[in-house]
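See structure below.
The values are calculated or read from the model by the stated rules, or taken from the named source; none is laboratory data. The structure displayed is predicted, hence computed values, not measured ones. Here the Cβ positions follow ideal geometry from the backbone for every residue, glycine too, while neighbour counts run over all protein chains shown.
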Amino acid sequence: MFHSEADLQHSFARALWELSPDVHSRLEVPQRAGSRTEHLDLLCIGPSTRTAIEFKYFTRRWTGTAGVPAEHYALKGHAAADLARLHFVRDIARLENFCRHSDQNGLAVMLTNDPSLWTPPGTARGRTRDQEFRIHQGRELAGTLLWAEGTYKPNTCTLRAAYPLNWEPYSELAGAGGEFRYLAVPVSPLPPPTPGQSAA
């Protein structure tokens, strides 16, 4: 259980240090992306490989006590699940831009207690603006994804690889909203250019 996304990032970095002291971790590391500077949530620097990790912690309302020693939590409800999906897919695309060398890889992580993110939409449900950005269990993300059927081009997102999605259980706490699941999507290095093709 975490109070916020920043709490999740810090706890992950601390657990990483305890498990692998030879891996250095840095939070909010700036990276050049064309003419812009973006920040990675966490950069893990190992002896031979660098792994960029992006986190999303999307919650519905839950209040209770958890952990050892026990802590009180009052999680807020985030209403915009469609934007949570959009931002998670964008994280994957950003990690693809980072993974341009054989010693660079990435991981996009979503932790949530909102079942609407992992549950497939019902067959009677009409199309929504985030239809192509759905991240439910069993979905595969690939190719060019259009927001609102392409009517809002700034949200168009293109992925160079295919990503099957598999949600895993994380924790089960008492009360409504007490079930947490996580989605972890690994991003591999960009393959080397074919003969006659210039490197990106």
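General remarks:
Matching residues to (1) surrounded by 14 or more Cβ atoms within 10 Å (Cβ to Cβ); (2) at pLDDT below 95:
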| position | (1), (2) |
| --- | --- |
| Gly122 | no, yes |
| Gly126 | no, yes |
| Glu132 | yes, no |
| Glu140 | no, no |
| Glu149 | no, yes |
| Asn155 | yes, no |
| Thr158 | no, no |
| Asn166 | no, no |
| Ala184 | yes, no |
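- Filtered residues of region 76-95 (kept if modelled with pLDDT of 95 or more and not in a helix (DSSP H, G or I)): none
- Among (1) under 17 Å from Cys99 (Cα atoms); (2) in contact with a Ser or Thr (Cβ under 8 Å, 6 or more places away or on another chain), the one test that Trp17 misses: (1)
- Residues in region 65-103 that are over 20 Å from Leu146 (Cα atoms), in contact with a Phe, Trp or Tyr (Cβ under 6 Å, 6 or more places away or on another chain) and crowded, with 16+ Cβ neighbours inside 10 Å: Leu75 alone.
- Criterion: in a strand (DSSP E or B) and in contact (Cβ under 8 Å) with a residue 12 or more places away in the chain - qualifying residue of Thr37, Thr51: Thr51
Matching residues to (1) closer than 25 Å to Ala79 by Cβ; (2) part of a strand (DSSP E or B); (3) among the small types (Gly, Ala, Ser):
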site	(1), (2), (3)
His101	no, no, no
Gly106	no, yes, yes
Val109	yes, yes, no
Glu132	yes, no, no
Gln137	yes, no, no
Glu149	yes, no, no
Ala162	no, yes, yes
Tyr182	yes, yes, no
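- Candidates Leu75, Leu8, Leu86, Leu16 - the one that is within 29 Å of Ala174 (Cα to Cα), touching a Cys at 6+ places or on another chain (Cβ under 9 Å) and aliphatic (A, V, I, L, M): Leu16
- Yes/no for Arg61 being surrounded by fewer than 19 Cβ atoms within 10 Å (Cβ to Cβ), in contact (Cβ under 8 Å) with a residue 60 or more places away in the chain and under 16 Å from Pro186 (Cα atoms): no
- Cβ separations smaller than 7 Å between residues 6+ apart or across chains give the following pairs from region 68-85 residues that are hydroxyl-bearing (Ser, Thr, Tyr) to residues that are surrounded by 11 or more Cβ atoms within 10 Å (Cβ to Cβ) and outside any strand (DSSP E or B): Tyr73/Met1; Tyr73/His3.
- Pick from region 186-200, criterion at pLDDT below 95 and among the hydrophobic types (A, V, I, L, M, F, W, C), ranking: surrounded by the most Cβ atoms within 10 Å (Cβ to Cβ): Leu190
- Ser11 meets all of the listed conditions (1) part of a helix (DSSP H, G or I); (2) of a type in the set (Ser, Thr, Tyr); (3) closer than 22 Å to Asp130 by Cβ but one, namely (3).
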